[in-house]
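Everything below concerns the one structure shown next.
The values are calculated or read from the model by the stated rules, or taken from the named source; none is laboratory data. Bear in mind the structure is a predicted one, so any value in this text is a computation, not a measurement. Glycine also receives a Cβ, built like all others from the backbone with ideal geometry; neighbour counts cover every protein chain displayed.
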Amino acid sequence: MAACAFGQVGVPRFRAEDVRPHGSAEPHPLIPGLLAWIFGADLSASPGCSARNLMDPSTYKTELCGTRVLVGGIEARLIAVMPGQINLVLPDHPWEDELVDFQIVRDGRASAAVPVYFGFNRPVVSLAAPAFAGMPVWVRVEKPWGRGWLRYPFYTEPWDIGPGSFEVRFQGRELPILSLLPYPPPGFGMMLGLPREVPPRYLHRVPLHLVYPVEQPGTYQVRYTEYRDGPESVKKTVYLQSDWTVIEILPSTAGQRRAWFQALTAAPPDDTVELLSNFLPSLLAVRDEASLRLLGPYLEVSDPLVRQYAAYALNYFDSNLLHRVLPGRQPLRGGVR
């Protein structure tokens, strides 16, 4: 009460977990240039104030209502400040995989320096699960917060694995995409609408085996890249790019492959999301008569998404095998979009 009577203000207080990407209910690794918010106490005078135009970043200032935010000693641009919350744009400085001190200064009173983690400002590639020759190879791509995310399927062509593209090297040479594909993965277009979102365990991963010949055991190198159109030209520029990442495809035995196939097909799902996000793309790792016979009935289901996916999937099978097992059936080539 005495402090209020003399017009004094409290020292700003906040914790590392109170610094979050804008819109996130939980802490996540930060990246430079990201919109963020800070929650705490005594962050600004009441009721606070905001930039002149919230939709125009050129109006964001480094000081609002006597409050400044220092990130690694660099003044951040502020969108709005309130006693319990600050909205800001993180400085565009190349922090990566490191702790960076945050400090809030209000009317000359500085908070304690709070170290907050900045993550990788590029995608991180890894295997979603141990991969074996002759079996599915699911690759996980974790993007920085605010840079989008991957969800398979992207569309009903099985080889459409999203807005980016992969490069794959094996034994010192770059692998071409599978020769049986009727056309290259598009790398653009709208995401397929599903009846519901895929389970969290299936997010951020794509079936690399449906685009590249990764059947042999050994060491592979994988890189993921997304492009964007240039602002004033038709030339594409790199938007996101991972490092070259080593993945190991382990040897497998005939018994191991047989056991995997029996487990996968013991109780085929009838749910659209489960079929498209896991069962059918995993089934297509094997392109023999048994898998084709399992795929066949999905060409006649009532769900148009599953039906189209299955029709495109016929491209993965030898034409003679297709003619013998499903006479008169032709793979779908295009025209659905």
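A few points about this structure:
- Single match in Leu203, Leu194, Leu180 (criterion: touching a Ser or Thr at 6+ places or on another chain (Cβ under 8 Å) and surrounded by fewer than 17 Cβ atoms within 10 Å (Cβ to Cβ)): Leu194
- Within segment 94-117, the set of residues being assigned to a loop (DSSP other than H, G, I, E, B) and at negative phi comprises Pro94, Trp95, Glu96, Ser111, Ala112, Ala113.
- Candidates are the residues of segment 267-295 that are polar (S, T, N, Q) and either outside any helix (DSSP H, G or I) or farther than 11 Å from Phe317 by Cβ (or both); the one that is farthest from the chain's Cα centre (by Cα) is Thr272.
- For the condition within 20 Å of Ala112 (Cβ to Cβ), assigned to a loop (DSSP other than H, G, I, E, B) and either under 30 Å from the mean Cα position of the chain (by Cα) or among the hydrophobic types (A, V, I, L, M, F, W, C) (or both), Trp37 does not qualify.
- Set Ala263, Ala267, Ala313: member being under 30 Å from Gln221 (Cα atoms), free of Cβ contacts under 8 Å to residues at least 40 places away in the same chain and hydrophobic (A, V, I, L, M, F, W, C): Ala263
- Count of segment 1-25 residues which are over 20 Å from Gln103 (Cα atoms) and either at pLDDT 95 or above or of a type outside the set (Phe, Trp, Tyr) (or both): 9
- Of all residues in segment 108-135, those satisfying the criterion of being at pLDDT below 95 and surrounded by fewer than 16 Cβ atoms within 10 Å (Cβ to Cβ) are Gly108, Phe120.
- Checklist (1) buried (at least 17 other Cβ atoms within 10 Å of the Cβ); (2) out of contact with any Gly (no Cβ under 8 Å at 6 or more places or on another chain) applied to Pro47, failing item: (1)
- Here Pro158, Pro153, Pro144, Pro91 are screened, and the one residue that is assigned to a loop (DSSP other than H, G, I, E, B), in contact (Cβ under 8 Å) with a residue 24 or more places away in the chain and touching a Ser or Thr at 6+ places or on another chain (Cβ under 7 Å) is Pro153.
- Hits in segment 136-166 (condition: β-branched (Val, Ile, Thr) and under 14 Å from Gln241 (Cβ atoms)): Val141
- Search result, residues across segment 292-313 that are in contact with a helix residue (DSSP H, G or I) (Cβ under 8 Å, 6 or more places away or on another chain) and either buried (at least 19 other Cβ atoms within 10 Å of the Cβ) or basic (Lys, Arg) (or both): Leu292, Arg293, Leu295, Tyr298, Leu305, Val306, Arg307, Tyr309, Ala310, Ala311, Ala313
- Within segment 246-261, being part of a helix (DSSP H, G or I) and out of contact with any Gly (no Cβ under 6 Å at 6 or more places or on another chain) holds for Ala254, Gly255, Gln256, Arg258, Ala259, Trp260, Phe261.
- Residue in segment 279-286 that is within 21 Å of Leu192 (Cβ to Cβ), polar (S, T, N, Q) and touching a strand residue (DSSP E or B) at 6+ places or on another chain (Cβ under 8 Å) present: yes
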